[in-house]
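Below is one structure, written out as structure tokens; comments come after it.
The values are calculated or read from the model by the stated rules, or taken from the named source; none is laboratory data. These numbers were taken from a predicted model, which means no experiment stands behind them. Counting neighbours? That spans all protein chains shown, and the Cβs are built from the backbone with ideal geometry, glycine included.
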Ligand SMILES: [Zn+2]
Ligand SMILES: [Zn+2]
């Protein structure tokens with residue numbers, strides 16, 4: 001769980017520290033950005049991510065909380081790779097699907113549960129938050 005790349009390889013990265021946490025996000029923007037039901041967000045210290053290549057960026061505003069997000073993706077193949085939260089710039093979110101080795105990915109919480117698709121079964125063990133993660 002220490003390196004990754006987009007579909008075409010134009011953007012790659014190395015992680016020099018272990019992630020802080022893995023969180024599933026069911027928010028409107030993550031559903032749209034991932035093209036799926038939720039996104040699998042790996043939270044890593046910004047200092048610990050070395051990026052090769054220049055991702056393109058698209059800024060979103062949270063429909064419910066107004067939070068700004070830079071959604072970084074490969075301009076060649078379109079793979080979503082990173083998200084930067086403006087209120088927590090010391091953290092970068094890595095999309096788990098872009099990791100080379102996903103075997104260590106173990107989500108510890110789910111956020112924006114009230115936006116989750118109704119066919120998703122709640123986990124018996126994973127804490128769920130209706131909105132953002134409470135510190
Ligand atoms: Zn690419
Ligand atoms: Zn989200």
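Evaluation of residue 132 against the conditions (1) surrounded by 15 or more Cβ atoms within 10 Å (Cβ to Cβ); (2) within 16 Å of ligand 1 (Cβ to nearest atom); (3) at pLDDT below 95 shows that the sole unmet condition is (2).
Return yes when residue 19 is within 16 Å of ligand 2 (Cβ to nearest atom) and crowded, with 18+ Cβ neighbours inside 10 Å and no when it is not.
Working: within 16 Å of ligand 2 (Cβ to nearest atom): no; crowded, with 18+ Cβ neighbours inside 10 Å: yes.
In short, no.
Against the definition (within 18 Å of residue 1 (Cβ to Cβ) and modelled with pLDDT under 95), how does residue 65 come out, yes or no? Criteria not met by residue 65.
The criterion of at least 2 residues that are within 16 Å of ligand 1 (Cβ to nearest atom) is met by the following strands (runs of 3 or more DSSP E) wholly inside region 17-102: 49-52, 56-61, 68-73, 80-85, 91-95.
With over 18 Å from residue 8 (Cβ atoms) and loosely packed, with under 12 Cβ neighbours inside 10 Å as the only criterion, which of 70, 47 stands out? Going through 70, 47 in turn, the sole match is 47. Just to check your reading of the model, which residue among 63, 10 is over 14 Å from the mean Cα position of the chain (by Cα) and surrounded by 14 or more Cβ atoms within 10 Å (Cβ to Cβ)? It is 10. Residues of region 3-16 that are under 15 Å from residue 95 (Cβ atoms) and away from ligand 1 (no atom under 16 Å from the Cβ): 15 alone. From the list 105, 84, the lone residue that is without any contact (Cβ under 8 Å) to a residue 40 or more places away in the chain, closer than 23 Å to residue 17 by Cα and within 15 Å of the chain's Cα centre (by Cα) is 84. Taking the condition over 16 Å from residue 104 (Cβ atoms), crowded, with 16+ Cβ neighbours inside 10 Å, in contact with a helix residue (DSSP H, G or I) (Cβ under 6 Å, 6 or more places away or on another chain) and in contact (Cβ under 8 Å) with a residue 24 or more places away in the chain, does residue 5 pass? So residue 5 fails the test.
Within region 27-44, not a single residue is away from ligand 2 (no atom under 15 Å from the Cβ), more than 11 Å from the chain's Cα centre (by Cα) and surrounded by fewer than 16 Cβ atoms within 10 Å (Cβ to Cβ). Taking the condition within 14 Å of ligand 2 (Cβ to nearest atom) and either without any contact (Cβ under 8 Å) to a residue 60 or more places away in the chain or touching a helix residue (DSSP H, G or I) at 6+ places or on another chain (Cβ under 6 Å) (or both), does residue 116 pass? No: the conditions fail for residue 116.
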